[in-house]
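A short worksheet on the structure shown next.
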Amino acid sequence: MPQLTYRIAKIWGKPEGSSEKYDIDEQIVYPDDKDLNFDSHFTGKLTFIRLKDEISVLLNSAEVKIKFSCNRCLKIFTRNVEIPEAEREFFHEEPKFESDDLDDLFFMNKKRMTIDLNEMVRQEIILHFPLIPVCSRSCKGLCPVCGQDLNKVKCKCKPLNEKESADTFRPFKDLKKLI
Ligand SMILES: [Zn+2]
Ligand SMILES: [Zn+2]
């Protein structure tokens, strides 16, 4: 079976309210998504619930290690991205209700009787990314003058004091003189 794809013929043949559980432990790749450099299997628990017109997919306790580049010192580091819980509905038919954007809805593959969780998982991983990836909270970053990694070396550059650095963001500071 392709990555993160599940057979649903069995559960779809069961009465409404039936459920099935799976453990996910899979090496995944998203070749088109350069930000997703996985450093572990993707693991988690899946529950499929057979509803009237759709299968509800619950993802719990999912996690995967991802390589990030530190926002301050550019070092590559690995961080665990956790998805405590997520849910999507996979419809059997296009729903009757009005929808602005059918692209946001998920459907089962009726021909193969499978559902493809790749887009759901991709969205949830990105949603749970660290806001600002830094290798450690105390990372000193790179020297803004010489570019050296201040976690490793103590360069002799004069640190930009607050006034000076504030001035660099004031493009109109000499405007008065010009006028
Ligand atoms: Zn860093
Ligand atoms: Zn320096």
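HN-Hα J couplings of the range 6-21 from phi, Karplus 6.51/-1.76/1.60, θ = phi - 60°, integer Hz, Gly and Pro as x?
10, 7, 10, 4, 5, 5, 5, x, 8, x, 3, x, 5, 9, 9, 10
Rolling a 1.4 angstrom probe over the protein chains, ignoring ligands and nucleic acids, what is the accessible area of Asp25 in square angstrom, nearest 10?
My reading of the accessible area for Asp25 is about 100 Å².
For Arg112, Arg137, give me the order by solvent-accessible area with a 1.4 Å probe, most accessible first, ignoring ligands, DNA and RNA.
Order by accessible area, largest first: Arg137, Arg112.
If only Cα atoms are counted, what is the Rg of the range 5-127, and what is its Dmax, in Å?
When restricted to Cα atoms, the range 5-127 yields Rg and Dmax of 16.4, 55 Å.
Give me a comma-separated list of calculated 3J(HN,Hα) values for the range 146-153, in order, Karplus coefficients 6.51, -1.76, 1.60 applied at θ = phi - 60°, integers in Hz, x for any Gly or Pro.
Result, ordered by residue: 9, x, 6, 6, 6, 6, 9, 10 Hz.
Leaving ligands and nucleic acids out of the surface, order Cys143, Cys155 by accessible area at 1.4 Å, largest first.
Listed by decreasing accessible area, they come as Cys155, Cys143.
Can you compute the modelled spin-label distance between Asn37 and Ser136, with each label point 7 Å from Cα toward Cβ, in nm?
Here the answer is 2.0 nm between the modelled labels.
How many lysine pairs in the range 5-127, separated by 8 or more positions in sequence or lying on different chains, have Cα atoms less than 19 Å apart?
Counting lysine pairs in the range 5-127 gives 20.
With every protein chain left in place, what is the accessible area of Phe77 in Å² (1.4 Å probe, nearest 10)?
Counting only protein heavy atoms, Phe77 exposes about 20 Å² to solvent.
Rolling a 1.4 angstrom probe over the protein chains, ignoring ligands and nucleic acids, what is the accessible area of Tyr22 in square angstrom, nearest 10?
Approximately 70 Å² of Tyr22 is accessible to the 1.4 Å probe.
Which FRET efficiency value, to the nearest 0.05, do you get for Gln123 and Val145 by plugging their Cβ-Cβ distance into 1/(1 + (r/R0)^6) with R0 = 45 Å?
E between Gln123 and Val145, to the nearest 0.05, is 0.65.
Taking R0 as 45 Å, what's the FRET efficiency between Leu51 and Lys152 from their Cβ-Cβ distance, rounded to 0.05?
Rounded to the nearest 0.05, the efficiency is 0.20.
What number comes out for the charge environment of Arg50, summing +1 per Lys or Arg and -1 per Asp or Glu over other residues with Cβ under 12 Å away?
Residues close to Arg50 contribute a combined charge of -2.
The values are calculated or read from the model by the stated rules, or taken from the named source; none is laboratory data. What you see is a predicted model, and the numbers here were worked out from it, not measured in a lab. All Cβ positions, glycine included, derive from the backbone under ideal geometry; neighbour counts span all protein chains shown. Side chains included, ligands, DNA and RNA excluded: accessible areas come from the protein's heavy atoms. Shrake-Rupley method; radii C 1.70, N 1.55, O 1.52, S 1.80 Å.
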